[in-house]
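Here is the structure we will look at, set down as C-alpha cells.
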Amino acid sequence: MARFVALLRGINVGGANALPMEQFRALAEGLGWVDVETYIQSGNLVFSAEGEPGDLATALGTAMAEKAGLVVPILVLPGWAFEMAVGECPFTPDDPAKVHGFFLFAEGEIDRDLFGDLKAPDEELALQGRVAWLHAPSGIGRSKVAERMQRIVGAGTTARNLNTLRKLVKML
C-alpha cells in the first residue's frame, strides 16, 4: 500500500459544505483505506491505499456524494509527489502562514498581465509543476491575486498555507 494525500476544495468554509472530520475519516475507511488521518476541518486527508490517484479521487467523490450529499473537487496525490512539491516551495518567508500553495486540478500557466494588474507591491507568484506558490506578506485575506488565482493560472485550484502543507508532510 502507498501513502496518499487528498485535498478537497471548499469543505467547511464559511459554513458551506459541512463535513465532520469523523464522518470524512469513516467515508475513507469504508473504501478500504487504512491509516486514515485528517488535519484541521478543511478537507485534508492522509491515508494508505492501493490504486491510482485519479481512481482514488473518483471513489472518494462518489462516496461523499452518496453518503454525505457533497460534491466538491478532490485532488489525490501520491505521498512522494506531495512531499516533493512542498519541498520545492520557492519562498522562505519569516511567516509560513503568508505563503500558500495553490494545487491545480489541471495544467495551468500564469497570466502575467493579469497577475501584474492585481498584485500588491510585496506579492510574489511562482508556478512549479501543478502548484502555484503565492507569497503574500500583507496577508492572504487582502490579496486580490488569491481571490482570482483560478483565472490567473487558468485552472481550478485548492490552496493551503505552508504551515498546513508541512504538517501534512509530517503526517505522511
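Each value in this text was obtained by applying a stated rule to the coordinates, not by laboratory testing. From a predicted model like this one, the values you see are computed outputs, not experimental measurements. As a convention, Cβ positions derive from the backbone with ideal geometry for all residues, glycine included, and neighbour counts pool all protein chains shown.
Summarising the amide proton neighbourhood of Leu127: residues at separation of 5 or more, or on other chains, whose placed amide H is nearer than 5 Å comprise Trp133. Only lysine pairs 8 or more places apart, or on different chains, with alpha-carbon atoms under 27 angstrom apart are counted in the chain, and they number 6. In a reduced charge model with +1 at each Lys and Arg Cβ and -1 at each Asp and Glu Cβ, region 1-87 shows a dipole moment near 260 debye about its Cα centre.
Any idea which of Ala57, Gly79, Ala68 is furthest toward the positive side of the dipole for region 1-133, if Lys and Arg beta-carbons carry +1 and Asp and Glu beta-carbons -1? Farthest towards the positive pole: Ala68. Think of each Lys and Arg Cβ as +1 and each Asp and Glu Cβ as -1; about the Cα centre, that makes the dipole of the chain roughly 360 debye.
Indicate the helices, whole DSSP H runs only, in the chain that combine a mean Kyte-Doolittle hydropathy of -0.5 or more with a Cα extent along their long axis of 18 angstrom or more. Long hydrophobic helices here: 53-68.
For the chain, what does -39500 (n - 2.57) per DSSP helix run (n ≥ 4), summed and divided by total residues, give at 222 nm, in deg cm²/dmol to the nearest 500?
Numbers: 7 runs with 61 residues, N = 172.
Result for the chain, helices only: -10000 deg cm²/dmol.
Just to confirm a number: summing +1 for Lys and Arg and -1 for Asp and Glu over residues other than Leu134 whose beta-carbon lies under 13 angstrom from that of Leu134, what do you get? For residues surrounding Leu134, the net value is +2.
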